[in-house]
Amino acid sequence: MISLRRARSIALKEYKHILRDPFTLAVTLILPLVFVGFFGFIIDLDYKNINVAVFDGDRTAASRRFMEAISTSGYFNLKPIDAPAQIETMLKRNDSPAVMVIKKDFGKNITAGDPQTPARAQLMLDGSDNAKTGMVLSYMTLAAMAANDVFIKANPTLSAMSAPSPNALIRSRFLFNPELNSRWFIVPALNTIIIGFLSIVLTALTVAKEWENGSMELLLSTPVRPAEIVLGKLFPYFTLTFFDILLVFALSLLVFKIPFLGSFIFFIAACCVYILGALSLGLFISVATRNQQAAIQFSLAAGLLPSMIFSGFIFPIENMPPFFRYFTALFPQRWYLSLSRSSFLSEAGFAALAGPFAALLIFMCVMIFVAIKNFKTDVEP
């Protein structure tokens, strides 16, 4: 039977060890701020102020109004060029990722409103960066639609030509992230990286250090049971990591102004389950390696890489081949990231998030069992 008194004694010893270890405290307090600063402020998936060279072959009030509407969209900085010969040179030198050519008679065709001879503008894009090219094309399409609205308001007779048929009219509205702000997408997922790396590293390194110093063998020779050792080791680092969760949560709301629409209690419960599973994995790594260098290598492989690659943080899981889509299901980072984003940006309840929560719970139980089992192997003669 597990003695809470002995487990508490192990926890108090671990607390004293942490307070005497400035490295552990520095990593716990500084690393989350570094992650939030690096990913939250530096990484921005929204392209802004894109340089676009423009050759105006019409030079009329209509073409100037069109360029003004494109410029005021906030996405583009238009740079006029004098001759078509400059287009190829600018693209080759990478001076501009896109070049727009406004055809002659642009203003005349706008005024005529004849569907057979529409006003035309050509957009040439640098396809070497396909991700950026797709975003530029998407932004330009939206800006062109806004410019089209300007012409329709100025000349209502153009509405029949310029607007699609009411039967095929599509109006878009973005839910949960109306401005498509990439920080709203990135910051709620930072807990996945912080827990997935910090929790594993803290327990793996500190316990591996005890194996190297020989203090763990002395602890295993006492009447303390393996389960009591695991509980005593988990609780202090659980407190530290949970503080980091609250720190990132506060920064998300106060600094990045990200709304939290889900259930706070459910979100905290999921955080606790994920933390305990990650800490238990760190304990298992420390028992398996008993060496700090090996522990840090395995911690990186088990914590940081899955958080970045297999969680959906960088690469969408839906775009992966079928084998890897199923393979990612083995990593708790995938389920926690989905749960964290849904809790922040939508009002998804327990019914919608029961699957990811169950996956985290299974991972936690398996890791705690494995950690206890490996300690038990060392206790038995």
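So how far apart, in nm, are the two label points at LYS104 and LYS48 if each is 7 Å from Cα heading toward Cβ?
In this crude spin-label approximation the distance works out to 4.0 nm.
What length, rounded to one decimal in nm, is gained on full extension from LEU261 through to ALA288, with 0.36 nm per residue of separation minus their alpha-carbon distance?
The span from LEU261 to ALA288 would gain 5.6 nm if fully extended.
Hey, with R₀ at 35 Å, roughly what FRET efficiency would GLU347 and PHE327 work out to, going by the Cβ-Cβ distance, to 0.05?
0.70
For GLU217 and THR133, compute 0.36 nm times the residue count separating them, minus their Cα-Cα distance, and round to one decimal in nm.
24.3 nm
Between SER3 and GLN86, what is the FRET efficiency for a Förster distance of 56 Å, r being their Cβ-Cβ separation, to the nearest 0.05?
After rounding to 0.05, the efficiency reads 0.10.
Calculated from DSSP H runs of 4 or more alone, at -39500 (n - 2.57) each and per residue, what is the 222 nm mean residue ellipticity of the chain, nearest 500?
About -19000 deg cm²/dmol.
Here are a few candidate values for volume of the Cα convex hull per residue in Å³: [x] 151; [y] 160; [z] 184. Which one was actually calculated from the structure I just gave you?
Working out volume of the Cα convex hull per residue in Å³ from the coordinates points to [z].
Charges on Cβ only, +1 for Lys and Arg, -1 for Asp and Glu, centred on the Cα centroid of the chain; of ILE43, ILE200, ASN130, which one is farthest towards the dipole's positive end?
Farthest towards the positive pole: ILE200.
Compute the long axis of helix 350-379 from its Cα atoms, compare it with the longest principal axis of the Cα atoms of the chain, and write down the angle in degrees, 0 to 90, nearest 10.
For helix 350-379, the angle is close to 30 degrees.
Provide the per-residue ³J(HN,Hα) series for segment 73-87, in order, calculated from phi with Karplus coefficients 6.51, -1.76, 1.60 and θ = phi - 60°, each as a whole number of Hz, with x at glycine and proline positions.
Computed from phi, the couplings for segment 73-87 are 5, x, 8, 10, 10, 7, 10, x, 10, 8, 9, x, 5, 7, 4 Hz.
Restricting the count to DSSP beta bridges whose residues both fall in the chain, what percent are antiparallel, rounded to a multiple of 5?
Antiparallel bridges make up about 35 percent of those DSSP assigns within the chain.
Treat the count of other C-beta atoms within 10 Å as a stand-in for reagent exposure and order ASP126, ASP149 from fewest to most.
ASP149, ASP126
For segment 70-91 and segment 193-235, compute the distance between their C-alpha centroids and round to whole Å.
Using only Cα atoms, the two centres lie 61 Å from each other.
Quick one: in segment 267-381, what % of C-alpha pairs are over 21 Å apart?
Everything past 21 Å amounts to 44 percent.
Spin-label point model (7 Å from Cα, Cβ direction): what's the MET124 to ASP149 distance in nm?
About 3.1 nm separates the two model spin labels.
Counting only the backbone N, which residues of segment 206-233 are under 19 Å from the spot 7 Å out from the Cα of LEU12 toward its beta-carbon?
219-220, 222-225, 228-233
Once the Cα atoms of helix 61-71 and of the chain are each reduced to a long axis, what angle between those two axes, in degrees from 0 to 90 to the nearest 10, is obtained?
Compared with the principal axis, the helix lies near 0 degrees.
Any chance you could give the angle, 0 to 90 degrees and rounded to 10, that helix 332-345 forms with the longest Cα principal axis of the chain?
Helix 332-345 sits at roughly 50 degrees to that axis.
Here, each number is a calculation from the coordinates, and none is a lab measurement. Not measured: the values here are computed from a predicted model. Using ideal geometry, Cβ is built from the backbone for each residue, glycine included, and neighbour counts are taken over all protein chains shown.
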